[in-house]
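*Asks:* First the structure, then my questions, so here it is.
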Amino acid sequence: MKKFLKFIYVFFIIGLESLGNMSAVMIILEENLVKKNEWVTKEDVIDAVTISRIGPGATTANAVAFLGNKIAGFWGGVLATVCYTIGPLIVIVIIMNYIEKILEYQLVLSALKGSLVCICVVLINSTISMGKSVLKNKFNICIFILSLLVSIIFKVSSVWIIIFTIIIRYNKKI
């Protein structure tokens, strides 16, 4: 029962901490599930992020469902997703009721604009962390550079880059 309640608490807190994009959530998932509780590995988090970005729907909720399932089976995935979404839902409902009054304060507007800088830092930190885990061989480094160039120069959708990478890796059997 104690582990069950801890599971609920951890995913509720992850939801409250992760009002942001997938890169920010990845750091929070790693901190709570890998470092603090040792329920999954860093590779599991990277797998969850990768799989959730390929599939349809909200990527963060998909990653949480994947990891909850990894930890406690199907119902663990369902429970993790529910616990993860309840906290932000409560916050959003509260903000919706007071948004007009909140936005009247210059301090709040300044904080919102200033938070963009922090989001950029979190994105860079997450990217560097993931890069250290993934870019360990020449093949992955070449795929990274090629994907980056194709994405920037030709504005190719990341979906096509992922499909191309899957085909290459499958044919190379790495």
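Here, each number is a calculation from the coordinates, and none is a lab measurement. This structure is a prediction, so every number in the text was calculated from the model and none was measured. Every residue, glycine among them, receives a Cβ derived from its backbone with ideal geometry; neighbour counts consider all protein chains shown.
*Asks:* Using a simple spin-label model with points 7 Å from Cα along the Cα→Cβ vector, what separation in nm is obtained for Cys142 and Lys3?
*Replies:* So the two model labels end up 4.5 nm from each other.
*Asks:* Now for a separate question. Mind checking which of Gly131, Ile168, Thr85 is farthest towards the positive end of the chain's charge dipole, using Cβ charges of +1 (Lys, Arg) and -1 (Asp, Glu) about the Cα centre?
*Replies:* Most positive-ward Cα: Ile168.
*Asks:* Return the whole-Å distance between the Cα centroid of the range 113-174 and the Cα centroid of the range 14-79.
*Replies:* Between the Cα centre of the range 113-174 and that of the range 14-79, the gap is 19 Å.
*Asks:* Here is a follow-up. Pop out the ³J(HN,Hα) list for the range 91-96 in order, Karplus 6.51 cos²θ - 1.76 cosθ + 1.60 with θ = phi - 60°, rounded to Hz; leave Gly and Pro as x.
*Replies:* 4, 5, 4, 5, 4, 4
*Asks:* Taking Lys35 as the anchor, which aspartates and glutamates have their alpha carbon closer than 18 Å to its alpha carbon, excluding any fewer than eight residues away along the same chain?
*Replies:* Glu17, Glu43, Asp44, Asp47
*Asks:* How high is the relative contact order of the chain, in percent, with contacts defined as C-alpha pairs under 8 Å that are six or more residues apart?
*Replies:* Value for the chain: 20 percent.
*Asks:* Now for a separate question. In sequence order, what are the phi-derived ³J(HN,Hα) couplings for the range 160-172 according to the Karplus relation 6.51 cos²θ - 1.76 cosθ + 1.60 with θ = phi - 60°, rounded to whole Hz, with x for glycine and proline?
*Replies:* 5, 5, 5, 4, 4, 5, 4, 4, 4, 5, 5, 5, 7
*Asks:* Right, here's the next one. Kindly provide the helix-only [θ] at 222 nm of the chain, computed as the sum of -39,500 (n - 2.57) over DSSP H runs of four or more divided by all residues, to the nearest 500 deg cm²/dmol?
*Replies:* Helix-only estimate at 222 nm: -28000 deg cm²/dmol.
*Asks:* Percent of alpha carbon pairs in the range 1-160 separated by more than 28 Å?
*Replies:* I get 32 percent for the Cα pairs in the range 1-160 exceeding 28 Å.
*Asks:* Measuring from label point to label point, each 7 Å out along Cα→Cβ, what is the Leu112 to Ile161 span in nm?
*Replies:* Here the modelled spin labels are 3.0 nm apart.
*Asks:* Counting Lys and Arg as +1 and Asp and Glu as -1, each charge on the Cβ, what is the dipole of the range 1-157 about the Cα centre in debye, to the nearest 20?
*Replies:* For the range 1-157, the charge dipole is close to 340 debye.
*Asks:* Within 10 Å, count the other beta carbons around each residue, average over each peptide in 4-14, 158-168, 121-131, and list them highest first.
*Replies:* In decreasing order of mean packing, 4-14, 158-168, 121-131 become 4-14, 121-131, 158-168.
*Asks:* Okay, next question. Taking 0.36 nm per residue of separation and subtracting the Cα-Cα distance, what length does fully extending Glu104 through Val91 add?
*Replies:* 2.8 nm
*Asks:* Hey, if you put +1 on the Cβ of every Lys and Arg and -1 on every Asp and Glu Cβ in the chain, which of Val156, Ala61, Val108 ends up farthest toward the positive end of that dipole?
*Replies:* Checked the options; the winner is Val156.
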